[in-house]
Amino acid sequence: MAQDKKTVVIGVTGGIAVYKALDVVSKLKKKNYEVHVIMTDSATKFVSPLSFQTLSQNIVNYDMFSEPRAWEIQHISLAKKADLIAVIPATANIIGKVANGIADDLLSTTIMATKAPVIFAAAMNTNMYSNPIVQDNISKLQNYGYKFIKPTSGRLACGDEGEGKLVDTEIIAEYIDSMLYDKKDLSGKKVLVTAGPTIASIDPVRYITNRSSGKMGYAIAEEARDRGADVTLVSGATSLKAPFGVKLINVKTNAEMLDNVLENFNDQDIIIKAAAVADYKPKQYSDKKIKKAADEFELTLTKDSDILKKLGELKKHQVLVGFAAESNDLLQNAEKKLKNKNLDYIVANDITASDTGFASDNNKVTILNRDGRTISLEKMSKRQVARKLFDLINEK
């Protein structure tokens with residue numbers, strides 16, 4: 001979620017994954033970044049500079065000693081322009097050069113001359129990646145503050161199987177976006193978010209659940225991450241992809257969610273319970289599939305744990321936020337929940353609205369705090385709701 005137009009310098013090195021850097025440049029341009037590309041000589045053997053020039057809409061830099069197009073020293077100019085430098089793909093060669101202070105081409109020289117954050121999206125043969133020399137170089141650079149996006153496992157271009165494959169380009173673009181997010185007011189804070197539905201099993205094939213998609217909770221986790229927080233996301237089953245840079249704990253039942261939340265509770269600064277937890281569970285679980293018999297079937301339910309109330313009883317220094325999904329008497333029910341469960345904030349949303357809520361990317365909510373303040377938000381994306389929520393929390 002880029003806010004102001006910032007400059008990203010993409011360093012492209014000579015790995016087979018060079019072509020994927022084109023997609024990253026395209027994604028960053030769509031996010032309204034100014035993009036400059038530096039290619040090593042080896043990279044130009046895989047992909048033409050013209051391709052990067054077309055996508056970035058800027059002249060591609062690759063020759064250290066080319067005649068300057070303006071009266072400026074290229075590596076110094078690019079080093080100063082950059083709000084961030086990302087090397088895609090980052091080969092063992094460029095990692096080794098930078099780790100050992102070698103600056104013998106335009107890319108390595110620019111990295112040495114910049115004060116901007118530098119990200120290496122590593123990609124190479126699996127044996128090269130696991131080589132102790134490469135791992136030592138990575139550790140050395142991380143100790144200096146350089147960031148790394150680890151490769152994934154899979155089939156490599158050489159035919160080998162293992163770790164070394166460049167991560168998905170969407171993750172790289174999101175990582176860059178996160179690094180350059182305009183608010184970092186949660187740096188040093190720990191935030192725990194719950195999301196999605198829980199289930200209560202009836203028998204081996206049937207269970208009770210609800211319609212929660214998890215989108216609101218995931219948006220909150222991503223907002224907290226981008227603002228610099230150390231984020232733990234305890235999630236019921238969803239179809240959403242796991243957010244990068246977030247500790248994801250997958251759970252199914254109310255009991256599993258409670259156990260994992262309590263295990264992480266004491267260290268947290270902010271807890272936001274956006275999950276739709278099953279309030280009731282079958283009084284008796286059948287370990288065999290219940291067969292069809294009569295025309296009617298009665299299921300006796302018993303109350304399950306009230307996780308949010310338990311957290312309200314245990315909280316000390318933590319800021320505790322709950323959600324109230326209501327079909328009637330929205331503000332009255334939300335205010336009652338706020339007081340009864342000892343919350344600092346509650347986010348109330350009307351589940352009867354056809355264009356917001358369950359499965360929608362948008363939401364329209366009212367946020368109440370324990371001091372009696374009420375803030376009504378117009379329809380906006382769930383990510384924007386998350387941003388507004390943290391803005392309110394950080395006003396204190």
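The values are calculated or read from the model by the stated rules, or taken from the named source; none is laboratory data. Computed from a predicted structure; not experimentally measured. Cβ placement follows ideal geometry from the backbone for every residue including glycine, while neighbour counts extend to all protein chains displayed.
Scan the stretch 261-286 and report the pairs whose first residue is free of Cβ contacts under 8 Å to residues at least 60 places away in the same chain and among the basic types (Lys, Arg) and whose second residue is surrounded by fewer than 24 Cβ atoms within 10 Å (Cβ to Cβ) and not in a loop (DSSP other than H, G, I, E, B), with Cβ atoms within less than 8 Å and a gap of 6+ or a chain change.
If the second residue must be surrounded by fewer than 24 Cβ atoms within 10 Å (Cβ to Cβ) and not in a loop (DSSP other than H, G, I, E, B), the pairs left are LYS283/LEU301; LYS283/THR302.
Select from the stretch 239-272 the residues that are of a type in the set (Lys, Arg), at pLDDT 95 or above and within 18 Å of ARG225 (Cβ to Cβ) and list them in ascending order.
Of everything in the stretch 239-272, just one residue is of a type in the set (Lys, Arg), at pLDDT 95 or above and within 18 Å of ARG225 (Cβ to Cβ), namely LYS247.
In this structure, is LYS281 among the basic types (Lys, Arg), surrounded by 16 or more Cβ atoms within 10 Å (Cβ to Cβ) and closer than 21 Å to ALA200 by Cβ?
yes
Residue by residue through the stretch 251-267, note down the ones that are in contact with a helix residue (DSSP H, G or I) (Cβ under 9 Å, 6 or more places away or on another chain) and not in a helix (DSSP H, G or I).
VAL251, ASN266
Inspect all residues belonging to the stretch 156-177 and state whether any of them is on the phi > 0 side of the Ramachandran plot and outside any loop (DSSP other than H, G, I, E, B).
yes
From the list GLY101, GLY11, which residue is modelled with pLDDT of 95 or more and assigned to a strand (DSSP E or B)?
GLY11
For ALA278, are the conditions met, namely being assigned to a loop (DSSP other than H, G, I, E, B), in contact with a helix residue (DSSP H, G or I) (Cβ under 6 Å, 6 or more places away or on another chain) and modelled with pLDDT under 95?
Judged against the criteria, ALA278 is a match.
Is it the case that some residue within the stretch 305-322 is more than 19 Å from MET257 (Cβ to Cβ) and surrounded by 13 or more Cβ atoms within 10 Å (Cβ to Cβ)?
yes
Take the stretch 356-373 and flag every residue that is surrounded by fewer than 13 Cβ atoms within 10 Å (Cβ to Cβ) and either at positive phi or in contact with an Asp or Glu (Cβ under 6 Å, 6 or more places away or on another chain) (or both).
Passing the criteria: ALA359, GLY372.
So that you can scan it fast, the table gives a plain yes or no per residue for (1) at pLDDT 90 or above; (2) touching a Phe, Trp or Tyr at 6+ places or on another chain (Cβ under 8 Å); (3) part of a loop (DSSP other than H, G, I, E, B):
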residue	(1), (2), (3)
PHE46	yes, yes, yes
THR54	yes, no, no
ASN58	yes, no, yes
MET64	no, no, yes
ARG69	no, no, yes
GLU72	no, no, yes
ILE76	no, no, no
ALA79	yes, no, no
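One residue is enough: does the stretch 201-220 have a residue meeting the conditions within 18 Å of GLY15 (Cβ to Cβ) and among the basic types (Lys, Arg)?
Taking every residue of the stretch 201-220 in turn, none turns out to be within 18 Å of GLY15 (Cβ to Cβ) and among the basic types (Lys, Arg).
Looking at the stretch 298-324, which of its residues are more than 21 Å from ASP279 (Cβ to Cβ) and more than 27 Å from the chain's Cα centre (by Cα)?
LYS316
Residue-by-condition table, conditions (1) surrounded by fewer than 19 Cβ atoms within 10 Å (Cβ to Cβ); (2) at positive phi:
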residue: TYR218; (1), (2): no, no
residue: GLY228; (1), (2): yes, yes
residue: THR232; (1), (2): no, no
residue: ALA242; (1), (2): yes, no
residue: GLY245; (1), (2): yes, yes
residue: VAL251; (1), (2): no, no
residue: ALA255; (1), (2): yes, no
residue: LEU262; (1), (2): yes, no
residue: ASP269; (1), (2): yes, no
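So which residues in the stretch 171-230 are in contact with a Ser or Thr (Cβ under 7 Å, 6 or more places away or on another chain) and closer than 30 Å to ALA21 by Cα, if there are any at all?
Correct list: ARG225, ASP226, GLY228.
Yes or no: LYS81 among the basic types (Lys, Arg) and in contact with a strand residue (DSSP E or B) (Cβ under 8 Å, 6 or more places away or on another chain)?
yes
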